[in-house]
Amino acid sequence: MLKTAGICLILIGGTGLGFCQSYAITRRAKAMEMLIRMTILLKAEIRCGNASLHDAFCEAAAKLPGEYGEFLGEAAERMQNPSGRRFGEIFRECAEEKLAHLRLSKEEQEKLYALGGYLGYLDLEMQMKQLELYEQELQNSLEALRAEMPAKKKVYQSLGIFGGILLAVLVW
């Protein structure tokens, strides 16, 4: 009886791990969509509102939910008191604190961190071009992720189920 209950828990656990990894891919795609939205809001505030970088961050922070708004708000707050640090450093620190859990790939994280270095010292036109470039890179990454997402999700789910079955057979 106890062995049967243990085997059922192993099967459920393996299945749960597979579905959890499958869901992580979906969360990564949603995070990339929110980063694209954040970029679009920043572009709109800078271009249409003719706002400074600080003001653009404050306005966009008010329009974004959760950690994205917190990230922009914290960066805007730290811009007020830079204490001798460059904007790129402030941007990176805030991104590491507020957006580290997004499960982006290392390459995507580095692109996000690098964006702060490009925004901090350029004129309006160059800031817009950097935001457009970052948005395009995110779009390309998101399209690639969406193309491989169904297959990866199915593999993760299948591996979780079969891994649970294999472990259950080994315990039996």
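The values are calculated or read from the model by the stated rules, or taken from the named source; none is laboratory data. Computed from a predicted model, the values in this text were never measured in an experiment. Glycine also receives a Cβ, built like all others from the backbone with ideal geometry; neighbour counts cover every protein chain displayed. Calculation scope for accessible area: heavy atoms of the full protein, side chains included, ligands and nucleic acids excluded. Shrake-Rupley method; radii C 1.70, N 1.55, O 1.52, S 1.80 Å.
Things to note:
- If you take the alpha carbon atoms of the stretch 48-112 and fit the smallest convex hull around them, that volume is 93 Å³ per residue.
- Approximate spin-label separation Ser105-Arg27, in nm, with each point projected 7 Å along Cα-to-Cβ: 1.9
- With all protein chains in place and a 1.4 Å probe, the accessible surface of the chain carries 59 percent carbon and sulfur.
- Label positions at Thr4 and Gln136, each projected 7 Å from the Cα along the C-beta direction, are separated by 6.3 nm.
- Alpha-carbon centroids, the stretch 1-46 and the stretch 95-135: separation in whole Å: 24
- Residue pairs exceeding 26 angstrom between C-alpha atoms, taken from Lys30/Lys111; Lys98/Lys154; Lys43/Lys154; Lys63/Lys111; Lys63/Lys129; Lys106/Lys154: Lys98/Lys154; Lys43/Lys154.
- Accessible surface, per residue, of the chain when the full set of protein chains is kept, probe 1.4 Å, Å²: 58
- Extension gain for Glu125 to Ala147 (0.36 nm times residue separation, less C-alpha to C-alpha distance): 4.6 nm.
- Relative contact order (%) - the chain, alpha-carbon pairs under 8 angstrom, separation at least six: 41
- Convex hull projection area averaged over all views, the stretch 90-172, Cα basis, nm²: 7.5
- Set the Cα radius of gyration of the chain against 2.2 N^0.38 Å, with N its number of residues, and you get 1.36.
- Residue of Gly84, Gly49, Gly66 that the Gaussian network model of the chain assigns the largest fluctuation, springs spanning Cα pairs under 10 Å: Gly84
- Extending 7 Å from the Cα toward the beta-carbon at both Asp55 and Glu96 defines two label points whose distance is 3.2 nm.
- For the stretch 130-140, 3J(HN,Hα) computed residue by residue from phi via the Karplus equation (6.51, -1.76, 1.60; θ = phi - 60°) reads 5, 5, 5, 5, 5, 4, 5, 5, 5, 4, 5 Hz, glycine and proline entered as x.
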